[in-house]
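Before any comments, here is the structure.
The values are calculated or read from the model by the stated rules, or taken from the named source; none is laboratory data. In this text the structure is predicted, and so the values were computed from the model without any measurement. Note: ideal-geometry Cβ built from the backbone for every residue, glycine included; neighbour counts use all protein chains shown. The accessibility values were calculated without ligands, DNA or RNA, using every heavy atom of the protein model including side chains. Shrake-Rupley method; radii C 1.70, N 1.55, O 1.52, S 1.80 Å.
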Amino acid sequence: MDNKIDPVWSFDVGMSILENLQNYSTMNLMETADNTHSPKEIDSFQVEKLYEMNKDDDDKWKDRGNKVQLTFKKDMESGRVKIIGNENNAEKILINHDIDQNVRNIKKGGSGKQVQWTTDQNQSHGLSTFRVEFQDLEIADKFQELIEHSAQKNQEVDDRYTQNEEADEKEKVTDINVSNEKYDKLRDDYQTLEIEKNKLEESCKESIIMKRELEQLRQNESKQIVALKETKTKTEQLAKGLMELKDEKDRLHKEVSTLLQQCQKIKSENVKSSSEHNKLKTAVQSHQETIKELTRSYTDKIQELESRHHTLLNESQTKYEALTAKYKDQIRRTVESNKKTKVQQSRIKQFEERDEELNEIKK
């Protein structure tokens with residue numbers, strides 16, 4: 001058939017369109033920042049002892065580690081400094097927080113080799129107070145000076161960031177007011193596209209069902225062909241058996257004719273006794289009865305064969321007509337689905353052009 005549509009091709013086209021629609025539905029209109037700058041290490045300190053006190057510890061000092069390495073790192077993009085601490089030869093991080101206005105109460109304790117501070121940003125543990133003990137006073141002084149200096153620098157960075165953020169916010173408000181109308185239009189188009197996408201998904205589901213039904217039709221046709229071949233083989237075997245029965249009947253007829261000739265000969269010549277004549281007569285009657293039985297069997301088998309042959313032909317014809325009608329209906333539905341798919345592709349192209357126009361406006 002020239003207008004036959006390949007269901008596999010129709011299914012592939014539908015899945016390709018669905019993939020494009022998925023890209024539209026999951027697109028992100030927010031610009032993301034480039035975070036490719038790696039933090040730079042400023043300085044590192046070896047701590048002999050690390051203590052911590054927070055609400056989880058009932059406001060009591062707890063020993064958190066020995067030989068802890070404290071490292072100051074600066075983010076090269078934002079300029080902010082943070083402190084990270086982990087125990088030597090261990091991957092567990094004990095301290096990890098920014099140094100800003102949340103770091104307070106920086107002071108020395110004990111013999112001057114201890115420095116403590118308070119923060120509420122350490123790994124979401126709430127308000128925590130840390131105390132570190134150094135090997136000598138000089139290292140403790142250097143550590144205290146660096147943490148205070150870092151807190152001051154981070155505050156300056158925050159102030160500059162706040163000023164820049166206010167200016168950027170004003171610019172963003174201006175840009176938003178300019179593009180609101182086009183954004184609303186794009187939102188309406190996107191909602192329309194979602195509706196079209198749902199319709200197309202239903203169409204693709206129908207195509208999958210049609211493909212399965214067509215495969216089932218092909219399998220049924222193959223089974224019907226095999227059944228017809230088996231019926232033909234059995235019919236040929238029955239015909240062969242009937243021919244053998246016919247040959248057997250002809251042979252018995254010849255034997256009866258021979259016996260009758262012998263009887264006539266006996267009667268005409270009166271050579272043999274009446275007892276022999278009766279035996280021959282009985283044999284003839286027995287052969288006649290056998291011939292009648294074979295004739296009846298032959299007739300019954302002929303009738304049974306003809307009945308089975310007509311029944312099989314009628315069933316095969318009925319099933320073939322039903323399969324043909326169903327197959328034509330499936331072809332018609334596939335052609336209609338393919339036309340809908342072409343219309344969907346045209347509309348998707350229009351939405352792509354609108355999306356490019358919005359991207360140019362945003363730039």
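Largest GNM mean-square fluctuation across 315, 276, 87, computed for the chain with C-alpha springs under 10 Å, falls on 276.
Give the aspartates and glutamates whose C-alpha is closer than 17 Å to that of residue 292, dropping any in the same chain fewer than 8 places away, or say none. Within the straight-line limit of under 17 Å, residue 292 reaches these aspartates and glutamates: 244, 247, 248, 250, 255, 300.
Candidates 227, 76, 116 compared by Cα position along the dipole of the chain: farthest toward the positive end lies 227, with charges placed on Cβ.
Electrostatic tally near residue 173: other residues with Cβ closer than 14 Å to its Cβ, Lys and Arg +1, Asp and Glu -1, net -4. Within the straight-line cut-off of under 13 Å between alpha carbons, the aspartates and glutamates reachable from residue 67 are 48, 87, 133, sequence neighbours fewer than 8 places apart in one chain being disregarded. With the convex hull constructed from alpha-carbon coordinates only, the chain shows a mean projected area of 43.4 nm² over all directions. Which one, 325, 283, 227, has the greatest fluctuation when you compute a Gaussian network model over the chain with C-alpha springs under 10 angstrom? Greatest mean-square fluctuation among the candidates belongs to 283. The modelled label-to-label distance for the pair residue 111/residue 285, using points 7 Å beyond Cα in the direction of Cβ, is 14.5 nm. Taking 0.36 nm per residue of separation and subtracting the Cα-Cα distance, full extension of the segment from residue 320 to residue 238 would add 27.0 nm.
Remark: for residue pairs 62/142; 82/108; 211/234; 223/249; 62/113, the C-alpha separation exceeds 30 Å in 211/234; 223/249. Taken per residue, the accessible surface of the chain reaches 70 Å², heavy atoms only and a 1.4 Å probe.
Per-residue ellipticity at 222 nm, computed for the chain from helices alone with -39500 (n - 2.57) per DSSP H run of at least four residues, works out to -25500 deg cm²/dmol.
Extension gain for residue 168 to residue 311 (0.36 nm times residue separation, less C-alpha to C-alpha distance): 42.7 nm. Applying 0.36 nm per residue to the separation of residue 301 and residue 212 and subtracting their alpha-carbon distance, the gain on full extension is 27.7 nm.
Relative to a virtual label point 7 Å from the Cα of residue 227 in the Cα→beta-carbon direction, which members of region 281-311 show backbone nitrogen distances below 20 Å? The answer is 305-311, whose backbone nitrogens lie closer than 20 Å to the label point.
Relative to the dominant Cα principal axis of the chain, helix 7-25 is inclined by about 20°.
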